[in-house]
Ligand code: CDV
């Protein structure tokens, strides 16, 4: 019997700084209903889906940013998502800012069953940006200021989804640009990678020119390559549009294990896209070109875990 999982990516339009959680949660619930009506068993929401992308705002005192974080999941504010999941029999993936009881802060995401069980949690590992206010930048990107580096690795769980057992994994936004994230998931037999993102349409670092169309290209390139090289489906879903005066691109996609885009959002607003993911498609890649057990050569990959920055190569000299 074919293992077909109908998956929805629920792209979010902008959430403005002064909009409350209740506004965002009502929009998410409306998209859950649309995803369910289109037959989805799982809906994937973006990174930090409950608030504006607050790392663009500098607070001298970090504690002033605490109001952007959830200290419980579910909470009163997010309870309607759990109620909708139960009512609709729909699993969901949600990105949010997590504050732990001992005061750690993470850019986190969870996979929640229709019964409200948190089946998988991930805390973002590759935190882009900077920790201090940067006067040269047109927009701040203060993830390194507000978040601790994730401490859960890149976990995969075999989760009951749509009546199937599915090897599900999570990464968040900037993680998608790093082949290491994908491979660690791939080495656990992942079949479905969920990745929420908030990505500005322009490079605001003032480090040099990057043409705006390449921003989307690089995002898709990373997701399509990661899916292909690890023989997995991938759902990459954006928060998009003009948020607090700053533009984030959309172009959310669902990608198959051949690296092909099977569904793509066309607006930069709330939009649900759905694709049937035939999980048996993962088998071809992982039993041929990417049969890891036969072809990988970890003895040659030592640098991947032994060093962080690049080392200069030796000079060639004529013998
Ligand atoms: N939220 C992100 O991680 N955004 C980064 C931007 C800053 C480049 C990204 O990789 O999309």
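In the stretch 41-53, the residues that are under 9 Å from residue 94 (Cα atoms) form Cβ pairs under 7 Å with partners that are part of a loop (DSSP other than H, G, I, E, B) and within 16 Å of the ligand (Cβ to nearest atom), at six or more places apart or across chains, as follows: 46/198; 47/198; 48/198.
Is it true that some residue in the stretch 226-244 is surrounded by 15 or more Cβ atoms within 10 Å (Cβ to Cβ), within 16 Å of the ligand (Cβ to nearest atom) and in a loop (DSSP other than H, G, I, E, B)? Yes - at least one qualifying residue is present in the stretch 226-244. Considered as a group, the residues in the stretch 203-217 that are surrounded by 14 or more Cβ atoms within 10 Å (Cβ to Cβ) and modelled with pLDDT of 90 or more include one that is nearest to the ligand (Cβ to nearest atom), and that residue is 215. Just to be sure before I move on: is residue 97 within 13 Å of the ligand (Cβ to nearest atom), under 22 Å from residue 43 (Cβ atoms) and buried (at least 17 other Cβ atoms within 10 Å of the Cβ) in the structure I sent? So residue 97 fits the description; yes. Filtering the stretch 259-271 to residues that are closer than 21 Å to residue 176 by Cα, surrounded by 15 or more Cβ atoms within 10 Å (Cβ to Cβ) and touching a residue at least 24 places away in the same chain (Cβ under 8 Å) leaves 259, 261, 263, 265, 268. Among the criteria (1) within 14 Å of the ligand (Cβ to nearest atom); (2) within 15 Å of the chain's Cα centre (by Cα); (3) assigned to a strand (DSSP E or B), the one residue 251 does not fulfil is (3).
Please specify each residue of the stretch 51-71 satisfying the condition of being touching a strand residue (DSSP E or B) at 6+ places or on another chain (Cβ under 9 Å) and either more than 15 Å from the ligand (Cβ to nearest atom) or in a helix (DSSP H, G or I) (or both).
54, 55, 56, 62, 65, 66, 68, 69, 70, 71
Taking residue 126, is it more than 13 Å from the ligand (Cβ to nearest atom), under 24 Å from residue 179 (Cβ atoms) and not in a helix (DSSP H, G or I)? When the stated conditions are applied, residue 126 does not pass them.
The values are calculated or read from the model by the stated rules, or taken from the named source; none is laboratory data. Every value quoted in this text rests on a predicted model; they were computed, and no experiment measured them. Glycine also receives a Cβ, built like all others from the backbone with ideal geometry; neighbour counts cover every protein chain displayed.
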